[in-house]
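Colleague: Got a structure for you, questions after.
What follows draws every value from the coordinates through simple rules; no lab data is involved. Small disclaimer: the values here were computed from a predicted structure and weren't measured. Cβ placement follows ideal geometry from the backbone for every residue including glycine, while neighbour counts extend to all protein chains displayed.
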Amino acid sequence: MTISRTLIPTAQKLVSPFLSPATTIHSLLVNCFQQSRPSNAAYGFSLIELLLTMTIASILIAIAAPDLSKFWQKQQADTYIAQLQRAISLTRTTAISSREIVSLCPYADGSCGGQWENGLMIFIDKNNNGLIDDKEELSEVIHFAPKNNTISWRASGGKNYLRFSPNGMARQFGRFHLCAKSSDMTLARALVINRQGRTRVYKDRDRDGIVEDIDGSAPECGE
């Protein structure tokens, strides 16, 4: 009895997109059992009814599972691009507050690497070369590993790093593209950094499930 009543609201929440507004898991079960239940019977579920309840809930959850998986993948992509945006903002803020040139590059065992998916490294770039050298100060390392995504940085000058001047201006400006390894464009995301060091994220402006920039261009994936 207690177990089945716990399952009902959980199942209802998971499968509600597949049911009509007037339909609930509870109403489905009541319709199934009301014909066979005696009119004077106390309200409750027998063992057989409990098993049937669990079977119906399992079937409906299985139907909803692919959409739930897609939902979580989209949430993860949004999280990664938000982490990247925060890292860029922190790099710019550090440059302004320290009155130094500050760089952001892919992390690779304490040095700048080539793969942005391995994490990010922010450091004060004394010699302005976009690489962290022995005497330069490491400000922060940001670890994140999107296993199902790739991240590419396409910038002015073709550099694989970003640098910010003490006035907050970006010495490299361009776009980050986060792409799903499955090539599903509904999971792609992109982030723009302009010359002033400001950022903006692509949004689904036409509601087709794929994000795009203000000019309608989608993230550059699969190229």
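Colleague: Tell me whether region 70-201 comes out rounded, prolate or oblate; compute the Cα gyration tensor, take square roots of the eigenvalues as a ≥ b ≥ c, and use a/c under 1.5 as the rounded threshold.
Modeller: prolate
Colleague: If R₀ is 45 angstrom, what is the calculated FRET efficiency for the pair residue 136 and residue 54, using the beta carbon separation as r and rounding to 0.05?
Modeller: Computed FRET efficiency for residue 136 and residue 54 comes out at 0.15.
Colleague: Now for a separate question. Give me the percent of Cα-Cα pairs in region 123-223 that sit more than 18 Å apart, rounded to a whole number.
Modeller: Cα-Cα pairs in region 123-223 separated by more than 18 Å: 57 percent.
Colleague: Once a ≥ b ≥ c are taken as the square roots of the eigenvalues of the Cα gyration tensor of region 48-136, is the result rounded (a/c under 1.5), prolate (a/b larger than b/c) or oblate (a/b not larger than b/c)?
Modeller: Prolate, since a/c reaches 1.5 and a/b exceeds b/c.
Colleague: Using a Förster distance of 45 angstrom, determine the FRET efficiency expected from the C-beta separation of residue 99 and residue 74, and round it to 0.05.
Modeller: 0.70
Colleague: If R₀ is 30 angstrom, what is the calculated FRET efficiency for the pair residue 85 and residue 126, using the beta carbon separation as r and rounding to 0.05?
Modeller: Efficiency, rounded to the nearest 0.05: 0.70.
Colleague: Please list the non-local residues whose amide H lies under 5 Å from the amide H of residue 160, H modeled 1.01 Å from N, same-chain partners needing a gap of 5 or more.
Modeller: Long-range HN contacts for residue 160: none found.
Colleague: Ok, one more. I need the phi-derived Karplus couplings for region 55-60: 6.51 cos²θ - 1.76 cosθ + 1.60, θ = phi - 60°, integer Hz, Gly and Pro marked x.
Modeller: 5, 4, 4, 5, 5, 5
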